[in-house]
Amino acid sequence: MSETATAVTEGPVGQAAPASSSAPAEHAGPAEHAGPAEHAGPAEPDIAPVPDISGHFVVGVVEAVGSAHPGAPATSAAPGVAYGGRFAPEALMAALDELAVAYEQARKDQIFRAELDGLLRGYAGRPTLLTEAKRFGQQAGGCTVLLKREDLTHTGSHKINNVLGQVLLAKRMGKTRIIAETGAGQHGVATATACALFGLDCAVYMGEEDTRRQALNVSRMRMLGAEVIPVTAGTRTLKDAMNEAFRDWVTTVGTTHYCIGSVGGPHPFPMMVRDFQRVIGLEAREQVLETTGRLPDAVVACVGGGSNAIGIFHAFIPDPGVRLIGCEAGGDGLDTSRHAATLTGGSAGVLHGMRTFVLQDDEGQTRSTHSISAGLDYPGVGPEHVWLMETGRAEYRAVTDAEAMNAFSVLCRTEGIIPAIESAHALAGALDVGRELGPDGLIVVNLSGRGDKDVDTASKWFGV
């Protein structure tokens, strides 16, 4: 399959394709489209993967980032296998080229970076706290657990970091309308917030099922002036919302920017969203050294599309002694069809403009997924996570609904913090990892969002 087109039945870039048909072609725009990202914040060495000029994360360059942790799985891919890229119809290529060039220029522009840094500090509320969860840690083998408090940002999750960057970039490009997809609603709320701040039109696509279980965030978006468009196709969840957003973008590229909420989609989105979320890890690494005098034994985050996890992982990639552990939505268990654990239960394929891991059948059709968490209920994952898994630099575990909700309750009752159910998957992982490490262990958990939106779901689960 060429990266300049995709034969689909679900939409422009919404169809999974078997791995055999997805060898990446070298569709590349101008040389300035990509390259080693210049990082805001503390100085640090360049970190692989970049990605390369065509937006590929290539397995076989693990030497550039240090050896994997001894406990991590060995690579299962041959050197040279690439993930990411740009699998999209010709109608979007000009818009993607325009975006890649605009981002390359903006990230080198001190005025743009200063404006974004000012918004992150003065509007989003950065830096966020690194909070020791002492009583929670007692439940995790007695180890030290530090929570990176993205739940304390304006709008209540890490999503605001990326959205402020993308909307500021869209304004710089002269776009007057922003569209977005959302599952749990936090990305939609953040997008509606930024559009209200900058005076831009906003439309948010959300699966009809998710509008029901995340009704609070639907109301928040509408109060902020956004049009919320329920999607009734397919499973009526995040995958289908993303399909509809791409369909919209194809017909409105002249005036519209598609603000993708995670580290997925066609290049340059995986790189760009990662760079906007890297502030999480940069802050966390500096804070944990200042607080404890050493690096953590493990950094744990939930993974759906994967932006909060990449955001906190990325600054720690050069530190081989720090385990990077992603927690996926195990739903009712990997032995059932009701889960959304793409990395632990999926295979290579093409979805939403990228070559990645996908939950798919033998014909490359995306499978239905399930998670109690709307934000993790997605059959794909960002390609950089596949790179981290295939090189052995990161570990990925499936966390069931029951395990996540137990961790949700533990944090509520030990720390007085109600987490997002997405974040509760990471907390469940931390309980297990802490018991593995014992009392001398040190874990940083990305508390990616607050749980206001999930109170109704949690109340039904616990019968309260």
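The values are calculated or read from the model by the stated rules, or taken from the named source; none is laboratory data. Everything quoted here is computed from the prediction, not taken from an experiment. All Cβ positions, even for glycine, are placed from backbone atoms using ideal geometry, and neighbour counts span all protein chains on display. Surface accessibility is based on the protein's heavy atoms, side chains included, excluding ligands, DNA and RNA. Shrake-Rupley method; radii C 1.70, N 1.55, O 1.52, S 1.80 Å.
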Total formal charge among the other residues, if their Cβ is under 11 angstrom from that of V273, Lys/Arg +1 and Asp/Glu -1: +1
Leading residue at positive end of dipole, the stretch 316-464 (Cβ point charges), from L351, G451, T391: G451
Ratio of the Cα radius of gyration of the stretch 111-166 to 2.2 N^0.38 Å, where N counts its residues: 1.44
Straight-distance crosslink candidates among aspartates and glutamates, where the alpha carbon sits under 14 Å from K134 and sequence neighbours closer than 8 are dropped: E415, D440
Surface share of carbon and sulfur [accessible, 1.4 angstrom probe, percent] for the chain: 53
Between the stretch 153-191 and the stretch 401-464, the Cα center-to-center distance that results, in Å: 26
Rough spin-label spacing in nm, given labels placed 7 Å along Cα→Cβ, for R113 and D335: 5.2
Mean ellipticity per residue at 222 nm, deg cm²/dmol - from DSSP H runs of n ≥ 4 across the chain, formula -39500 (n - 2.57): -11000 deg cm²/dmol
Range of Cα positions in the stretch 373-464 per principal axis (Å), largest first: 44, 36, 19
Heavy-atom surface of the stretch 149-301, accessible at 1.4 Å and reported per residue (Å²): 29
Viscosity 0.890 mPa s, temperature 25 °C, Stokes-Einstein D of the stretch 255-405 from Kirkwood C-alpha radius, µm²/s: 155
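Looking at the stretch 81-239, I'd like the Rg to Rh ratio, where Rg is from alpha-carbon atoms and Rh is Kirkwood's inverse mean 1/r.
1.03
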Helix runs (DSSP H) in the chain reaching 15 Å along axis by Cα, Kyte-Doolittle at least 0.5: 186-198
Where no second cysteine Cβ lies under 4.7 Å, the cysteines concerned in the chain: C143, C259, C302, C327, C412
Cα convex hull of the stretch 165-257 - mean projected area over all directions, nm²: 5.2
Sequence-distant lysines (8 or more away, or on other chains) whose Cα lies within less than 27 Å of K460: K159, K239
Q105 versus M223: modelled label distance in nm, points set 7 Å from Cα along the beta carbon direction: 3.9
Cα-based shape type of the stretch 134-208, given that a ≥ b ≥ c are square roots of the gyration tensor eigenvalues and the cut on a/c is 1.5: prolate
Solvent-accessible heavy-atom area per residue, rounded to whole Å², over the stretch 330-458 at 1.4 Å: 28
Largest-first ellipsoid semi-axes for the chain, taking √(5λ) over the Cα gyration tensor eigenvalues, angstrom: 29, 24, 23
Spin-label pair R435/T291, simplified geometry with 7 Å Cα→Cβ offset, distance in nm: 2.4
If the convex hull is drawn through the Cα atoms of the stretch 306-388, its volume per residue in Å³: 102
